[in-house]
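Working notes for the structure below.
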Amino acid sequence: TLDQAVKPKTKRAKKFLEKREPKLNKNIKNAMLIDGGNANATVTQVLKDVNAMKKPHGILYKKKNITRPFQDQTSLEFFSNKSDCSLFMFCSHNKKWPNNLVTGHMYDYHMLGMIELGIENFVSLKDINRTLNGTKPMLIFAGDDFDVTEDYRRFFRGPTVSDIRLAGLEYILHFTALNGKIYFRSYKLLRTHLASDDFYKFSMKMPKALKSKRRKISPMILLAQLMEGFICRSKT
């Protein structure tokens, strides 16, 4: 059963609960990143890299937590309520499930859905001397699986922006869904040279000869053509 509503007794508690109330417009979801009790260096570094990408909307649990998400979701739901996170990523490692990663989402701090993935050929940000330094990368999702469900994209969804300052774009994260696998690559933009918006629009201008020409027909001529067609059908 879902938790019963709690009436606040102080102004501070009321403000705290109002912050957690459902929003008409979706806000940015916080994510908790949990290290399993038998995690190795690979999955631990994965959580650190993801935390760097999610800042300031990621909470990295440094203490190891021994739990099995698919057998018991009690501890995950407890941490979700405690940290006000509706997204989670849980990493673990064992002989049967090496370099294991479970990601999912909550509703009202109760499990709504999760998927299990295996990590292969991992290269960390530090191995390629790449740090985000607070910058927000551009995310590109390629593959039909991303169009079928939003579960894969939900974890990395950020704020909705109306304009993008291309001069400040430094990193691109590219996700490709192919043959049951997700390939994740990162790219760093070294140098760019972009024309102004006005000149770009000018370059896309279509020649007049290729534009469809619409003949202007007076209402009287149009009416005469319709009547002529009606008379011809009546005679046949």
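The values are calculated or read from the model by the stated rules, or taken from the named source; none is laboratory data. Please read these numbers as outputs of a predicted model, since none were measured by experiment. Neighbour counts are summed over all protein chains in view; Cβ atoms, including those assigned to glycine, are modelled from backbone coordinates with ideal geometry. For the accessible areas, the whole protein counts, side chains as well, though only heavy atoms, and no ligand, DNA or RNA atoms are used. Shrake-Rupley method; radii C 1.70, N 1.55, O 1.52, S 1.80 Å.
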Amide N proximity, region 29-67 versus Lys188 label position 7 Å along Cα-to-Cβ, cut-off under 17 Å: 49-50, 52-53
Under a Cβ-Cβ cut-off of 12 Å, what is the net charge of the residues other than Thr176 that fall near it, where Lys and Arg count +1 and Asp and Glu count -1? 0
Given a Förster distance of 35 angstrom, what is the FRET efficiency for Phe202 paired with Lys29, based on the Cβ-Cβ distance and rounded to 0.05? 0.30
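How would Glu77, Glu116 rank on accessible area, largest to smallest, probe 1.4 Å? Please list the in-between numbers first.
On the way: Glu77 50, Glu116 80 Å².
The ordering from most to least exposed comes out as Glu116, Glu77.
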In nanometres, what is the gap between the two model label sites at Glu116 and Asn81, each 7 Å from Cα along Cα-to-Cβ? 2.6
For Asp108, what accessible area in Å² do you get when you roll a 1.4 Å probe over the heavy atoms of the protein chains, rounding to the nearest 10? 80
Extension gain, Val123 back to Lys136 (0.36 nm per residue minus Cα-Cα distance, nm): 2.7 nm
At what distance in angstrom do the alpha carbon centres of region 176-207 and region 40-117 lie from each other? 33
18 Å reach of a label modelled at Asn94, 7 Å along Cα-to-Cβ, counting backbone N of region 41-82: 41-44, 64-76
I'd like the antiparallel share, as a percent to the nearest 5, of DSSP beta bridges with both residues in region 21-133. 60
Probe 1.4 Å, all protein chains in place: accessible area of Met89 in Å², nearest 10? 10
From phi via Karplus (6.51, -1.76, 1.60), per-residue ³J(HN,Hα) for region 112-118 in Hz, x at Gly/Pro: 10, x, 7, 10, 10, 10, x
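From the protein chains alone at 1.4 Å, what is the descending order of accessible area for Val161, Val46, largest first?
Details: Val161 95, Val46 15 Å².
Ranked list, largest accessible area first: Val161, Val46.
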Assuming 0.36 nm per residue, please report the length gained on full extension of the stretch Tyr107 to Phe156 beyond their Cα-Cα distance. 15.9 nm
Taking 41 Å as R0, compute the FRET efficiency from the Cβ-Cβ separation of Lys7 and Lys62 and round it to 0.05. 0.75
Express in Å², to the nearest 10, the accessible area of Phe78 obtained by rolling a 1.4 Å probe over the protein heavy atoms while all chains stay in place. 120
For Tyr183, Tyr171, Tyr61, give the ranking by accessible area with the largest first, probe 1.4 Å. Tyr183, Tyr61, Tyr171
